[in-house]
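In what follows, a structure is listed as C-alpha cells, so that the remarks can point back to it.
The values are calculated or read from the model by the stated rules, or taken from the named source; none is laboratory data. Computed from a prediction, not measured in an experiment: that's the story for all the values here. Reconstructed Cβ throughout: ideal geometry from the backbone, glycine too, with neighbour counts over all protein chains shown. Accessible surface areas use protein heavy atoms only, side chains included; no ligands, DNA or RNA. Shrake-Rupley method; radii C 1.70, N 1.55, O 1.52, S 1.80 Å.
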Amino acid sequence: MDLNLLKQDELASLRQLLTSAENIVICAHRAPDGDAMGSSLAWMNYLNGIGKTNVKVCMPDATPDFLHWLPGSNTVIRYDRRPREVERIFKGADLVCCLDFNQPSRVDAMQDALESSEAPRLLIDHHLDPDEGCALAISRPDMSSTSEIVFRLICQLDGFETMTRQCAECIYCGMMTDTGGFTYNSSRPEIYYIIGQLLTKGIDKDEIYNRVFHNYSTNALRLRSHIILNKMKVIEELHASYYTVTKEDMTQFHFVKGDMEGLVNIPQQIKGLKLSISLREDTEKQNTILVSLRSCNGFHCQPMATRFFNGGGHADAAGGKLNCTLDEAEQVVIKALLYYKDQLQTKVL
C-alpha cells in the first residue's frame, strides 16, 4: 500500500531541512492531547535515530496524567513552568517543527517565543487553514491525525525499518486518541494497514488503550457522573445537548487535568443526537470558557465552532474559547443552536 504523502520536491525540501539542522525544537498546541504528544514524541524519537541529538520538545502547558507513560514524556519542557528556558531554546534553534496545530496562536502564551525564533518552521498538521509562514507546510486535513502523518513521513524518509517500539507506541497512541479509539474519522483502509505495521514493532495496543482510557481516579469518575446526571441539558427537538462545568464542580471533585477528557463524546450515545457541546470554566483565567464540540448523524460542528466560539477544528470534532461568564456562554450556545436549527432539526434516518 502506497503511504507516500510528499511529492519529490517536497521530500527533497524536508530532507534538506532535517540535514541542515542541529538544534531542533518540536512544539504542539496548548493543552496537548494524545495526538499532540504522540506525534511530537514519535518525531523526536525518529530525529534522535537519524543522529539529531539536540532535539527539544516544548509544550505550552501540562499534559493529562494518562499520557505521562508515553516514551520520552519526561523530557518535555513546559513553557508555563520554565518560560525563560523555552525562550532560550527557541532562540537557539535552527529548525522549529510545529506539530498538530495550524496557527501560532494555538500555542497560547508560548506564541511570542515561537514567533521570535528566526529558525525556519516545518509544519506537520491535519487541521484546516495552515500557517503560510512556514518553510515547508505538510498539511493534510484528510488524515486521521498528525501521528498518522508522522508515520507516513518516517516511512517516506526510509525510516520504518529502524523505527523503535517506543516510536510506534507514540504513533499508535496519537492515532487512537484522535479517532476516539478508531470510532470516528477512521474509515480509510490505510489506517488499519498502518496499525498492522505498528504491531510488527511489538506494541501492545490493548495495553495502550488501557493506559489511556482506563486510567481515571475515583474522583474523576464521580465528576463525570455528576456532569452527566446534573449538568447536561438535552434539547430534544434540536437533537443537541450541552453541559457546563464550573470551577466549583472541579474543586468539589478534586479535578486534575485530563479528568474530563472525552466526556463531550458521551452524550452522542443518545439515539439520534447530532451535537454535543461542553462549556468549562478555565481553572486559571477569569471569564474564560473552554468550548468543545462533537457532532454526528449528518451535522458537522466545525462551522459552528468558527462562527460562534472563536475556534475551529475538524468536521465533527472542534473547539474554541469564549471570553465571558458561563451564563453568557450558555446564551451563545442557544444562539448557535438556533442559527443551525434547520440542519439540527432534520430527522436522523
Out of all the residues in the stretch 49-95, which are without any contact (Cβ under 8 Å) to a residue 40 or more places away in the chain and in contact with a Gly (Cβ under 8 Å, 6 or more places away or on another chain)? Val57
Could you tell me whether any residue of the stretch 142-153 is within 17 Å of Trp69 (Cβ to Cβ), part of a loop (DSSP other than H, G, I, E, B) and either of a type in the set (A, V, I, L, M) or open to solvent by 70 Å² or more (accessible area, probe 1.4 Å) (or both)? no
Inside the stretch 80-108, can you point out the residues that are more than 17 Å from the chain's Cα centre (by Cα), surrounded by fewer than 18 Cβ atoms within 10 Å (Cβ to Cβ) and assigned to a helix (DSSP H, G or I)? Pro83, Arg84, Glu85, Arg88, Lys91
Using beta carbons and a limit of 7 Å, which pairs, at least six apart or on different chains, have the first residue in the stretch 218-241 and over 15 Å from Val264 (Cα atoms) and the second one of a type in the set (Phe, Trp, Tyr)? Asn219/Phe253; Arg222/Phe253
Taking the conditions exactly as written (more than 16 Å from Cys27 (Cβ to Cβ) and of a type in the set (Asp, Glu)), does Asp158 satisfy them or not? yes
Quick one: count up the residues across the stretch 64-79 that are open to solvent by 60 Å² or more (accessible area, probe 1.4 Å) and either assigned to a helix (DSSP H, G or I) or in contact with a helix residue (DSSP H, G or I) (Cβ under 7 Å, 6 or more places away or on another chain) (or both). 3
Any residue in the stretch 293-310 that is assigned to a loop (DSSP other than H, G, I, E, B), open to solvent by less than 40 Å² (accessible area, probe 1.4 Å) and of a type in the set (A, V, I, L, M)? no
Considering only the stretch 12-24, how many residues are under 15 Å from Tyr46 (Cβ atoms) and not in a loop (DSSP other than H, G, I, E, B)? 6
Just checking, does the stretch 319-339 include any residue being open to solvent by 30 Å² or more (accessible area, probe 1.4 Å), modelled with pLDDT under 95 and assigned to a loop (DSSP other than H, G, I, E, B)? no
Mind checking whether some residue in the stretch 118-127 is at pLDDT 95 or above, out of contact with any Gly (no Cβ under 6 Å at 6 or more places or on another chain), part of a helix (DSSP H, G or I) and surrounded by 18 or more Cβ atoms within 10 Å (Cβ to Cβ)? no
Given the criteria on the phi > 0 side of the Ramachandran plot, in contact with a helix residue (DSSP H, G or I) (Cβ under 9 Å, 6 or more places away or on another chain), among the acidic types (Asp, Glu) and surrounded by 15 or more Cβ atoms within 10 Å (Cβ to Cβ), does Asp61 qualify? no
Hits in the stretch 157-178 (condition: outside any helix (DSSP H, G or I) and under 22 Å from the mean Cα position of the chain (by Cα)): Asp178
